[in-house]
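The values are calculated or read from the model by the stated rules, or taken from the named source; none is laboratory data. Values in this document were obtained by computation on a predicted structure and should not be read as measured data. Cβ atoms come from the backbone with ideal geometry, glycine included; neighbour counts cover every protein chain shown.
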Amino acid sequence: MRAAAALLAAVFLASAFAGPAGAQTLDVTPAKDCNARTAKPAEPGDVAADPAAFAGKCVKLEGWWRDIGFYPTRSEAAVPDALSIPLLDNRRLGLYLPRKRLDAAPQGPKLATVVGTVGGACSNLPATVTAADTGYCHYKAGGYLAVATIEIAK
């Protein structure tokens, strides 16, 4: 089972590095069949603590959205400089969102539901990929999610 998960993660990560003329870039898009109907419920803290176990899987998470981060609890999301605190590296997930959603990301914690494909841990990406990335993995080593949908609770 672990070997199958590792193979799935390797396939997902290999597709994430595809770029023109052999350039290594992080093109993070959710799996085509990843949606609210096909996603498996998971806890954000579990995914963040062990992103390799969830790599390549379509998940549905309920937690707290702030900027490009997704947190298990409101208190963690509300910490000043929550994106930069190393203590939260294994509690927080980085979000790769479409530009329109990224521009509208809340700057304070908002209860939300997100569906997307887990990419694994940024720390497992080659340095050339993280250096060229303009999103979460450029700055942090933790887990990340290619977002299919994200909705703030009403």
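The residue of segment 121-154 that is modelled with the highest pLDDT, among those that are hydrophobic (A, V, I, L, M, F, W, C), surrounded by fewer than 20 Cβ atoms within 10 Å (Cβ to Cβ) and assigned to a loop (DSSP other than H, G, I, E, B), is A153. Just so you know, in segment 40-57 the residues that are surrounded by fewer than 22 Cβ atoms within 10 Å (Cβ to Cβ) and hydrophobic (A, V, I, L, M, F, W, C) include one that is nearest to E151 (Cα to Cα), and it is A42. Picking from residues in segment 72-120 that are part of a loop (DSSP other than H, G, I, E, B) and polar (S, T, N, Q), the one that is nearest to K140 (Cα to Cα) is S84. Is at least one residue of segment 19-33 within 13 Å of the chain's Cα centre (by Cα) and either modelled with pLDDT under 50 or of a type in the set (S, T, N, Q) (or both)? The answer is yes; a qualifying residue exists.
Among the listed residues G63, G108, identify the single one that is surrounded by fewer than 14 Cβ atoms within 10 Å (Cβ to Cβ) and under 17 Å from A153 (Cβ atoms).
G108
Among the conditions (1) in contact with a helix residue (DSSP H, G or I) (Cβ under 7 Å, 6 or more places away or on another chain); (2) among the small types (G, A, S); (3) modelled with pLDDT under 90, A82 misses just one, which is (3).
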